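Each remark here refers to the structure printed beneath this line.
The values are calculated or read from the model by the stated rules, or taken from the named source; none is laboratory data. Owing to the predicted nature of the structure, the values given are computational and were not obtained by experimental measurement. Glycine also receives a Cβ, built like all others from the backbone with ideal geometry; neighbour counts cover every protein chain displayed.
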């Protein structure tokens, strides 16, 4: 089960990134190194944007309300890639479901692959590995989407908001 492509008049990007990766891998024999790199990056961004979308789900949807749009935009932009990875590493120490744990582990794997894909010109990507990442991304997203909305929100805030330290 994937989330809809629109929610409250706002385009959801997670599915679009997933579909773009699928399209890049549709003809394996014709895939270039650039296709494999971009597909890898797209898969990470599908996961990243799904976490962003989970942040805004609890606020409801009112695309005609300026306050809603500003809140949506502000919350959506909270996640930081490095902090998200750090907190995903800590999920195992907290009371989250197996689906959230799987999602978190896959975010970590894809973030590092995305960095190689985008910044390391010497890294080579095998079509079979990227196809496997696509399969695992679909499964991680499906598990995440089937998780209770409250847990998705709790996870999204856990990986996005930096708490203040108590003196």
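Overview of results
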| quantity | calculated |
| --- | --- |
| Residues (in a helix (DSSP H, G or I) and at pLDDT below 95) located in the stretch 25-47 | 28, 29, 30 |
| Residue in the stretch 37-58 that is loosely packed, with under 15 Cβ neighbours inside 10 Å, in contact with a helix residue (DSSP H, G or I) (Cβ under 6 Å, 6 or more places away or on another chain) and within 19 Å of residue 152 (Cα to Cα) present | yes |
| Hits in the stretch 102-116 (condition: more than 19 Å from residue 14 (Cβ to Cβ) and surrounded by 15 or more Cβ atoms within 10 Å (Cβ to Cβ)) | 115, 116 |
| Filter result for residue 58 (touching a strand residue (DSSP E or B) at 6+ places or on another chain (Cβ under 8 Å), farther than 18 Å from residue 141 by Cβ and either touching a residue at least 12 places away in the same chain (Cβ under 8 Å) or part of a strand (DSSP E or B) (or both)) | no |
| Cβ-Cβ under 6 Å pairs, at least 6 apart or on other chains, the stretch 130-152 side more than 30 Å from residue 29 (Cβ to Cβ), far side modelled with pLDDT under 95 and part of a helix (DSSP H, G or I) | 152/54 |
